[in-house]
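Notes follow once the structure below has been shown.
The values are calculated or read from the model by the stated rules, or taken from the named source; none is laboratory data. Here the structure is a predicted model, which means the values were calculated and not measured. Counting neighbours? That spans all protein chains shown, and the Cβs are built from the backbone with ideal geometry, glycine included. For the accessible areas, the whole protein counts, side chains as well, though only heavy atoms, and no ligand, DNA or RNA atoms are used. Shrake-Rupley method; radii C 1.70, N 1.55, O 1.52, S 1.80 Å.
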Amino acid sequence: RAKADKRTSVRVFEQQMHELAARNLRLSSDFQKAIARTELVNFYQPIYHLKSGQLVGFEALVRWQHPELGLLAPGSFLPILEKTEAMRLLGEAVMREAAATAKRWHENHTSEFYVSINVSDEQFAFGNLAEMLRSLLEEFNLPAHFLRIEITETVLMADIFGGMSQLDELKRLGIRILIDDFGTGFSSLSHLATIPAETIKIDRSFVHSLAANTKNYEIVRTILSLSSNLHLGAVAEGIETIEERELLSSLGCEFGQGYLFAAPMPAADAEILLGMNRLSG
Ligand code: C2E
Ligand code: MG
Ligand code: MG
Ligand code: MG
């Protein structure tokens, strides 16, 4: 049954790829031009230790500086690239830019911090993510703990792309793995024991209205007790109010990001925050 499911999902995936291939061909070639012209830029959102206000890292979040349409958020172009190889190219551009930025910041600043990179299923499917990251670390002479990667549960669901073995390889390299949007996938519990991840990211949808919504509060409380029992770290995303920060902190969530602290911003602005090192006030 599991085997049949796996075959079916591979077939469905392949079929979807073929259908989308034609439609996306043009967009993909536009997109490759965009990469060549460096229209892709990373924004960075700071991540803080909630109790002390210490800056601990940044999440790299891609933007497309389109010549006619202006600055595009990922929600407006990532879905079009899904299941195409352009997604792998985007991922590589983002990783390269993040590695270069992490290197530069570490040369200019003494504080400890990491840059966390979102990776897509396509980077597992169409390429060797572990090999790519290994050669980037080498090229930039960057210690592995300066970078982290964020994966979603779908990568691991059926291990269609050999994602699990690539993750094991990343772990051996010393790159930490976070499970993004935790709680919104399908496989949360069954895979937690086997994923070589150190940290979960609590999805914004649960953090949002944490204070007013008792169901969200209970979900977050349960996620945090689960992660703590499994010795996993936790980062909350989408913290917008002081009350949310305090509730999360009191429930044992150590780290967080959100508009309360800062929205994603250009690298130059993020570097200024890095110089300040912790939240003021
Ligand atoms: P994500 O990885 O879950 O990233 C968090 C998203 O929440 C970001 O949206 C961020 O701007 C937003 N956010 C952060 N704090 C707040 C807050 O307090 N309130 C609200 N309302 N939103 C907040 P963004 O930058 O639009 O990215 C959306 C999604 O696109 C990301 O979700 C991620 O799944 C994907 N993405 C972004 N960059 C990349 C990338 O380089 N590669 C891949 N594969 N996916 C990416
Ligand atoms: Mg993320
Ligand atoms: Mg997330
Ligand atoms: Mg999310």
Flagged in the range 245-256 as surrounded by fewer than 24 Cβ atoms within 10 Å (Cβ to Cβ) and in a strand (DSSP E or B), in numbering order, are PHE255
Does SER227 satisfy the condition of being open to solvent by less than 10 Å² (accessible area, probe 1.4 Å), of a type in the set (Ser, Thr, Tyr) and either closer than 24 Å to MET164 by Cβ or modelled with pLDDT of 95 or more (or both)?
-> yes
Is it true that some residue in the range 187-199 is under 15 Å from VAL119 (Cβ atoms), within 16 Å of ligand 4 (Cβ to nearest atom) and not aliphatic (A, V, I, L, M)?
-> yes
Those strands (runs of 3 or more DSSP E) lying entirely in the range 35-111 with at least 1 residues within 16 Å of ligand 3 (Cβ to nearest atom) and either open to solvent by 60 Å² or more (accessible area, probe 1.4 Å) or under 24 Å from ALA262 (Cβ atoms) (or both) | 40-49, 55-66
Residues that are among the small types (Gly, Ala, Ser): find the helices (runs of 4 or more DSSP H) completely inside the range 127-244 holding 3 or more of those.
-> 214-229
Got a number for residues in the range 206-224 being in contact (Cβ under 8 Å) with a residue 12 or more places away in the chain, farther than 12 Å from CYS253 by Cα and either within 23 Å of the chain's Cα centre (by Cα) or crowded, with 17+ Cβ neighbours inside 10 Å (or both)?
-> 4
How many of the residues making up the range 257-281 are of a type in the set (D, E, K, R), open to solvent by 60 Å² or more (accessible area, probe 1.4 Å) and outside any strand (DSSP E or B)?
-> 1
Any idea which residue in the range 161-205 is farthest from SER120 (Cα to Cα), counting only those that are open to solvent by 20 Å² or more (accessible area, probe 1.4 Å), small (Gly, Ala, Ser) and within 16 Å of ligand 3 (Cβ to nearest atom)?
-> SER205
